[in-house]
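First the structure, in the form of structure tokens, and then the observations on it.
The values are calculated or read from the model by the stated rules, or taken from the named source; none is laboratory data. Since we're looking at a predicted model, the values are computed, not measured. When we count neighbours, we look across all protein chains shown, and the Cβ atoms used for this are built from the backbone with ideal geometry, even at glycine. For accessibility, only protein heavy atoms count, side chains too; no ligands or nucleic acids. Shrake-Rupley method; radii C 1.70, N 1.55, O 1.52, S 1.80 Å.
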Amino acid sequence: MITAILIDDDANLRNGMKSFLERYAPEISIIGEADSVKTGVAAMQNLQPQVVFLDIQLGDGTGFDILEQMAAKNGKTQSHIVFITAHEQYAIKAFRFSALDFLLKPVDPEELQKVIEKIKGVLESNRDYAHIDLLLENIRKKVDNFKRIALSTSDGIHLFEISDIIRCESEDNYTKFYIKNNKPVLISKTLKEYEELLTEHGFERIHQSHLINLSYLKSYIKKDGGYVVMADNSNLPISQRKKERLQELLKTL
């Protein structure tokens, strides 16, 4: 069994989550509940759960406050955190850059099952939780322009400077990251998801399979249907409908 606690100031939501977990994830054993920052910290400290389902907004603070206090006590979080949140765009964006799991209220059973499957894989691989430090760093700064991104691979979670990413390439439902001075990193998420995160950081989708960091663009070649040469010497095709936009962007660089 996987041990878990629920931290939410709404008893109805806690009861609803328990019902969902009993029905869709019987391998999760709820060993405790809490309804505030104070009781949440105590529950995490005393029960040492493998998983924490954590609401953001609590009566006496936030779920982030709990993580801050746990970090101050223990140096780092020892539990897998799954945030439960309403549509708070800033927090959701921070979660995505930090490779942290989250569920939107009202919780969708299908999304819950996806998260549970991911939890199993994470717990089996005994990963550390450095990406929680990245989340707290971003939340503290309250800035939209995040500098680092956490990428979750089959062997763990790795933190990279966004400015070091040269390009991303689609491989079916996976995305391969090509990063300066690193081996390629394969992530089990679609290129579209990373396009949404990285466009505001100077990335451009030039093809169905390619998202590039314009800072590493060496040449735009018009012959042979049009292609770009990147700093890693890769030659990447440009789709017909992207050519005009890319040419306009190059005028501004």
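For the reader, a short list of remarks on this structure follows.
- Under the Karplus curve 6.51 cos²θ - 1.76 cosθ + 1.60, θ = phi - 60°, whole-Hz ³J(HN,Hα) for the range 239-249, x wherever Gly or Pro sits: 5, 4, 6, 9, 4, 5, 5, 4, 4, 5, 5
- Backbone geometry of the range 54-71 corresponds, through the Karplus equation with coefficients 6.51, -1.76 and 1.60 at θ = phi - 60°, to 3J(HN,Hα) couplings of 10, 6, 7, 8, 10, x, 10, x, 10, x, 5, 4, 4, 5, 4, 5, 5, 5 Hz, x marking Gly and Pro.
- Kirkwood Rh in Å, taken over the range 30-69 so that all alpha-carbon pairs contribute: 10.0
- Taking only Cα atoms of the range 61-101, radius of gyration then Dmax in Å: 10.9, 30
- Candidates per trypsin sites (Lys or Arg not before Pro) in the range 138-202, loop by DSSP, up to 10 other Cβ within 10 Å: Lys142
- Cα gyration tensor category, rounded, prolate or oblate, for the range 9-100 with a/c compared to 1.5: rounded
- For the range 1-62, diffusion coefficient by Stokes-Einstein and Kirkwood Rh (Cα), 4 °C, 1.567 mPa s, µm²/s: 112
- In terms of overall dimensions, the C-alpha atoms belonging to the range 160-222 reach 30, 25, 20 Å along their principal axes, ordered largest to smallest.
- Geometric extent, Cα atoms of the range 68-170 - Rg, Dmax (angstrom): 14.1, 41
- Per-residue SASA entry for Tyr194, accessible area with 1.4 Å probe, Å² rounded to 10: 10
- Net charge of neighbours whose Cβ lies under 14 Å from the Cβ of Gln247, counting Lys and Arg as +1 and Asp and Glu as -1: +3
- Computed as a quarter of the hull surface, the mean projected area of the alpha carbon convex hull for the range 116-220 stands at 7.5 nm².
- The loop-placed GluC sites (Glu not before Pro) in the range 1-82, going by DSSP, that have at most 15 neighbouring Cβ atoms within 10 Å of their Cβ come out as Glu27.
- Compactness of the chain as Cα Rg over 2.2 N^0.38 Å, two decimals: 1.14
- Thr39 sits with roughly 60 Å² accessible to a 1.4 Å probe, with DNA, RNA and ligands left out of the calculation.
- Relative packing of 10-17, 129-136, which averages over residues the other C-beta atoms within 10 Å, highest first: 129-136, 10-17
- The helix-based estimate of mean residue ellipticity at 222 nm for the chain, built from -39,500 (n - 2.57) per DSSP H run of four or more residues and divided by its residue count, is -11000 deg cm²/dmol to the nearest 500.
- Among the listed pairs Lys18/Lys105; Lys223/Lys243; Lys183/Lys223; Lys93/Lys192, those beyond 19 Å (Cα-Cα): Lys183/Lys223
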